[in-house]
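**Q** The structure is given below, and queries will be raised subsequently.
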Amino acid sequence: MSSSPLTFTPVEAISTTVQEMRTSFKQGTMRDMEFRKQQLKSLLAGLHERETLIADAITTDFGRAPQENVFYDILPVQFEIGQILLNVDKWAQPDKPALISDQTAFLMSSMEVRKEPLGTVVIIGPWNYPIRLILLPLVGALAAGNTVVLKPSELAPHSAKAIESLVTEYLDPRVVRVVHGGVPETTELLKQRFEHYFYTGNGMVGKIVAKAAAEHLAGVTLELGGKSPVIVHSDVSDLGVAATRIMWGKLLNAGQTCVGVDYVLVHRSVKDKLIELFLNYIENAYGRLPQKSADYPRIISDRHWQRIKSLLDATKGTVVPTCDDQPDQADRYIPPTIVDNVAFDDPLMSDELFAPVMPIITYDSLDEALDYINSHDQPLALYSFGSNKSNEYVFANTRSGGALANDTVFHLAAGNFPFGGTGPSGVGRYMGKYSFDTFSHHRSVLKKAIAFPPPSVDSLRFPPYQGEEN
Ligand code: NAD
């Protein structure tokens, strides 16, 4: 949280940077798979050598513990590169679709689906997991053979600077470039032609990115957010484990996690006990004075702090004391906050909270709770704690980007598992093979024999058509 080390890219230099990446792609820089792998290995080496520096940069940006920076930002990228290196040769092989037996016209043909790069792609990242959310798509794009322009978030300037140093020192400049900036620079970047626009952040900017992609009739992936609910059923087998996993999923990054828990829908019979267990978790994790805990992050900006404070002032729910300190604007600190007796129309329920604030809604009828979820935007994640039967009932009767039974957030850690939203929580998916496919064109290549044994089906294809009357 010190002054910014970033120098924004001059607006007039942006089109040249993009053009250089386009030219490099056309020259075939990324054609060779061994070269792509060598780039990924070099990036992996950089991530190991610079692990501490990168973790410290994130801590400087918003006070998150260095251990969390390694666990949630750096390690996942290292793991992803490892998985890609192991599998990319297999993923890059053409698919050979089986011939449908009665399609005699294709008998002397071969069909294959080749995995070809898209071209030059842009990846625009947010501040909240500033390393993983820019480097995870990057490694997929490189594995698939694209050249890339990266735009890290200016709201995490030390992390953005760390990305630039990493890219500059460990990757070939013909392959990736970094553009820094805020709205004017990103607006200029979005005017440029890319073959794919990959954006992570809020939905309002997501629409701007989708329109920019539409101008060029290009592909788009939008990784957005939303209000991800947790349902706690009366038949949950271990409420203690549930409470720990739910509160962890709320307070991780001080609530500023796209798949973080937004609110809890809890069956009346277990509500009081759940709140008691939440309070135990908070005290064990951060003590009575979380502001003094080195493990408790800050809110990213004054604007977001004000937004959260206004919501807390406006709620009609009952604020449950969790600790001994108070919101502190100068420090952009919001303590862990539980709000009980929240109604569906409470201000806390209007938008994604992105805050360490847990609204608790009590339900008697599960269908009523599901009706509430289904009458709002499809969330990025949905969590259900209960028996298999209860969890399956929830999954069968709702829609969401991802769904997780008996835990929160953890589905992001599973390798080769598609990550993405649906409806307003996002468009498209990535991770592992899904990233490779997102950044590849599946080109159908049909090779026919020039000669066809009689009786040729070609005779049916060209006029004059047999048996037709003129
Ligand atoms: P942010 O403010 O850092 O913005 C993200 C990017 O958009 C930045 O690079 C920024 O420069 C750019 N940007 C901002 N305004 C712009 C404009 N007018 N035109 C063009 N570009 C612009 O991050 P944020 O949006 O505050 O991130 C938080 C949101 O992102 C939350 O809604 C969260 O749920 C969502 N999110 C989603 C995921 C996911 O993987 N699905 C991950 C993290 C965050």
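The values are calculated or read from the model by the stated rules, or taken from the named source; none is laboratory data. Note that the coordinates shown come from a computational prediction; the quantities given were computed from them, not determined experimentally. In this analysis, Cβ positions are derived from the backbone assuming ideal geometry, glycine residues included, and neighbour counts consider all displayed protein chains.
**Q** Condition (residue is of a type in the set (Val, Ile, Thr) and either surrounded by fewer than 19 Cβ atoms within 10 Å (Cβ to Cβ) or not in a helix (DSSP H, G or I) (or both)) applied to the stretch 279-300: is it met by at least one residue?
**A** Yes, the conditions are met somewhere in the stretch 279-300.
**Q** Just checking, does the stretch 118-137 include any residue being more than 20 Å from Phe419 (Cα to Cα), surrounded by 13 or more Cβ atoms within 10 Å (Cβ to Cβ) and over 21 Å from the mean Cα position of the chain (by Cα)?
**A** There is at least one residue in the stretch 118-137 that is more than 20 Å from Phe419 (Cα to Cα), surrounded by 13 or more Cβ atoms within 10 Å (Cβ to Cβ) and over 21 Å from the mean Cα position of the chain (by Cα).
**Q** Filter the stretch 154-178 down to residues that are more than 20 Å from the chain's Cα centre (by Cα) and of a type in the set (Val, Ile, Thr) and give me whichever is surrounded by the most Cβ atoms within 10 Å (Cβ to Cβ).
**A** Val176
**Q** Ok, one more. Answer yes if at least one residue in the stretch 62-78 is modelled with pLDDT under 95, away from the ligand (no atom under 15 Å from the Cβ) and assigned to a strand (DSSP E or B), and no otherwise.
**A** No.
Results for (1) loosely packed, with under 14 Cβ neighbours inside 10 Å; (2) basic (Lys, Arg); (3) touching a strand residue (DSSP E or B) at 6+ places or on another chain (Cβ under 6 Å), shown as yes or no for each residue.
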site: Arg22; (1), (2), (3): no, yes, yes
site: Thr29; (1), (2), (3): no, no, no
site: Arg36; (1), (2), (3): no, yes, no
site: Thr60; (1), (2), (3): no, no, no
site: Ala65; (1), (2), (3): no, no, no
site: Glu68; (1), (2), (3): no, no, no
site: Gln78; (1), (2), (3): no, no, no
site: Leu86; (1), (2), (3): yes, no, no
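**Q** Name the single residue, out of those in the stretch 217-238 being part of a loop (DSSP other than H, G, I, E, B) and under 25 Å from Leu353 (Cβ atoms), that is nearest to the ligand (Cβ to nearest atom).
**A** Gly225
**Q** A follow-up question, please. Search the stretch 164-175 for residues being within 22 Å of Ile58 (Cα to Cα) and not acidic (Asp, Glu), and hand back the single one that is farthest from the ligand (Cβ to nearest atom).
**A** Looking at the filtered set, the residue picked out is Tyr170.
**Q** Here's a follow-up. Show the residue pairs meeting these rules: Cβ distance below 7 Å; 6+ apart or different chains; first residue within the stretch 397-423 and basic (Lys, Arg); second residue part of a loop (DSSP other than H, G, I, E, B) and within 15 Å of the ligand (Cβ to nearest atom).
**A** From the stretch 397-423, the pairs are Arg399/Gln378; Arg399/Thr422.
**Q** Is at least one residue of the stretch 397-413 modelled with pLDDT of 95 or more, in a helix (DSSP H, G or I) and not hydrophobic (A, V, I, L, M, F, W, C)?
**A** Checked against the condition, which is being modelled with pLDDT of 95 or more, in a helix (DSSP H, G or I) and not hydrophobic (A, V, I, L, M, F, W, C), the stretch 397-413 yields no hits at all.
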